[in-house]
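No value in this document is a laboratory result; all are computed from the given coordinates. As the structure is a prediction and not an experimental result, all values here were calculated from the model. Note: ideal-geometry Cβ built from the backbone for every residue, glycine included; neighbour counts use all protein chains shown.
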Amino acid sequence: MSSAASLSGASGRYASAIFDLAKSSGSLDAVASEFETLGNVLKDSPELSDVISSPAYSREQQGSVMGAIASKVGASDLTTKFVGLMAQKGRIGLLPDAMKGFAALLADHRGEETAEVISAKPLSDMQRDALAKNLKSSFGKDVKIDASVDPSLLGGLIVKVGSKMVDASLKSKLERLELAMKAD
């Protein structure tokens, strides 16, 4: 089952709507790039994430802030209006999930899989390329790497593709060793 098939709820409906609009206007790549940029801005700014998720801010305030961010990153009219509509409808808190849903729909449209990769330190371009190549040979599809960093892993990787997960982190290996030693 593809990740696009599992879209549900309001965020899934928003993701489907923006996907259809971007597809019909020939701007799938532009919207994907803009969503990636907006996602990075949200990830890098806990304050901004608080603004979009907190009921303490009015819809107008949330829309104004997100409109300014969209303008600052040079987002297209389509993306800016989409973000504005979500704020106007009181759904801006669903933006991160809608952007993930859009990415899943785009990957499905392109015949790609997305792999969530968590590592102890940032992956180099060479490591990303090698991992994508190995995953492509395993899954028979192009694999886009969605990387994040969790220093608590100590070393190694956790890779999730669809419903499959491989935990090759040093942290989990040490935990398994500890459990094995306690069992004896």
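Numbers at a glance
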{"item": "Estimated 222 nm signal from helices in the chain, with DSSP H stretches of n ≥ 4 weighted -39500 (n - 2.57), rounded to 500", "result": "-19500 deg cm²/dmol"}
{"item": "Calculated on alpha-carbon atoms, Rg and Dmax of segment 112-183 in Å", "result": "13.4, 43"}
{"item": "Tilt relative to the chain, helix 125-139 - C-alpha long axis, 0 to 90 degrees, to 10", "result": "80 degrees"}
{"item": "Using alpha-carbon coordinates, inclination of helix 9-24 to the longest axis of the chain, degrees", "result": "70 degrees"}
{"item": "Size of charge dipole - segment 3-107 - debye, nearest 20, with Cβ of Lys, Arg +1 and Asp, Glu -1, no other charges", "result": "280 debye"}
{"item": "Fewest-first sequence of I158, I145 by Cβ atoms within 10 Å of each Cβ", "result": "I145, I158"}
{"item": "Label-point gap, in nm, between L85 and S124 - each point 7 angstrom along Cα→Cβ", "result": "4.5 nm"}
{"item": "Calculated FRET value between S24 and E178, using beta carbons and R₀ = 35 Å, to 0.05", "result": "0.05"}
{"item": "The chain - Kirkwood radius from inverse mean 1/r over Cα pairs (Å)", "result": "18.1 Å"}
{"item": "Among L154, L174, L42: highest mean-square fluctuation, GNM of the chain, C-alpha pairs under 10 Å", "result": "L174"}
{"item": "Degrees separating the helix 77-88 axis from the principal Cα axis of the chain, which is the longest one", "result": "90 degrees"}
{"item": "Average Cα contact separation per residue, the chain, under 8 Å, 6 or more apart, as relative contact order %", "result": "21 percent"}
{"item": "Ranked K182, K160, K43, criterion: other C-beta atoms within 10 Å, fewest first", "result": "K182, K43, K160"}
{"item": "Residues K164, K171, sorted so that the one with the fewest Cβ neighbours within 10 Å comes first", "result": "K164, K171"}
{"item": "For segment 3-107, the fraction of alpha-carbon pairs in successive 10 Å shells from zero, as %", "result": "16, 52, 29, 2"}
{"item": "DSSP beta bridge pairing in the chain, given as percent antiparallel to the nearest 5", "result": "60 percent"}
